[in-house]
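Here's the structure we're looking at; comments come further down.
The values are calculated or read from the model by the stated rules, or taken from the named source; none is laboratory data. Keep in mind that this is a model prediction, so the values were computed, not measured. Every residue, glycine as well, gets a Cβ built from its backbone with ideal geometry; the counts of neighbours run over all protein chains shown.
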Amino acid sequence: MTAADFSRIAWPEAEARIAAGALAVLALGACEQHGAHLPLTTDTDMAHGVARRLADALSALLLPPITYGDAWTARSFPGTISISPRTLQAMIEDIGSDLQRGGVRGLVLVNGHFGNREPMLLAARYLAGVGLPVCHLDYPGLEALAAEICESEPAAPGFYHADEVETSIMLAVAPASVAMERAAPSYPQFPADFGSQPMQVRDFNPSGVFGDPRPATAAKGEALVDGIVSASLAVIAEWRRRHAI
């Protein structure tokens, strides 16, 4: 049995899947610049692509993704739309609370954007406190997979944005939205106080690319996604064992 995709099913099927004990899977994305060759929805497209494969493997409910996130650091790029961390946290809490009310026994969050991490963790803590187990995932194993699969060096350790890693994944999950003819490398000099105070990425990186997207291929993207899904399923299995779901 594959995922019950909310964009394809009506309420009776959702009711039947919930009665059978289905989990729910929710992708957390963003609307944020990703250079000149990737769409503004890159983070959402990648997270929902991973979420879809997890939901298929788990015969779970595949929820519509949250398509906005905390992208404040990229607001100086046209097209980026950022919501506050408290808004995102409230959205996750409200969605989780309604899932619990409807009988869902557990929620898997697939995060595709760095700025979403803190709101996700706080929302998971709240939902756990009201009785809904939450497994929150941040592409487990990605750094090791990227080192093994990709050719280019990251702009910073564990930092992947519009580079070979993300471009490869997009070529695997949403190839029609990638404009490889516009892909160009960028290795900006990070300010010494990067991460220690609020700042806009565009102030030191006009293109918005961190790394070299040119070696990206769909085959690499498939290998990256397969590795992420495999690592995620191992985490989910332990989470399910712990909560007996």
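Residues in the range 134-149 that are in a helix (DSSP H, G or I) and surrounded by 21 or more Cβ atoms within 10 Å (Cβ to Cβ): Leu145, Ala146.
Across the range 66-88, the number of residues qualifying as surrounded by fewer than 22 Cβ atoms within 10 Å (Cβ to Cβ) and under 21 Å from Leu23 (Cα atoms) comes to 1.
Could you identify the single residue in Ala179, Ala147, Ala155, Ala184 that is more than 28 Å from Ala16 (Cβ to Cβ) and touching a His at 6+ places or on another chain (Cβ under 7 Å)?
Answer to the check: Ala179.
The condition (being outside any helix (DSSP H, G or I) and surrounded by 18 or more Cβ atoms within 10 Å (Cβ to Cβ)) is satisfied by just one residue among Gly208, Gly115: Gly208. Would a scan of the range 161-182 turn up a residue that is modelled with pLDDT under 95 and either surrounded by 15 or more Cβ atoms within 10 Å (Cβ to Cβ) or within 15 Å of Gln33 (Cα to Cα) (or both)? The answer is no; no qualifying residue exists.
The listed residues are Ser168, Ser152, Ser230, and the only one of them that is in contact with a helix residue (DSSP H, G or I) (Cβ under 8 Å, 6 or more places away or on another chain), small (Gly, Ala, Ser) and assigned to a helix (DSSP H, G or I) turns out to be Ser168.
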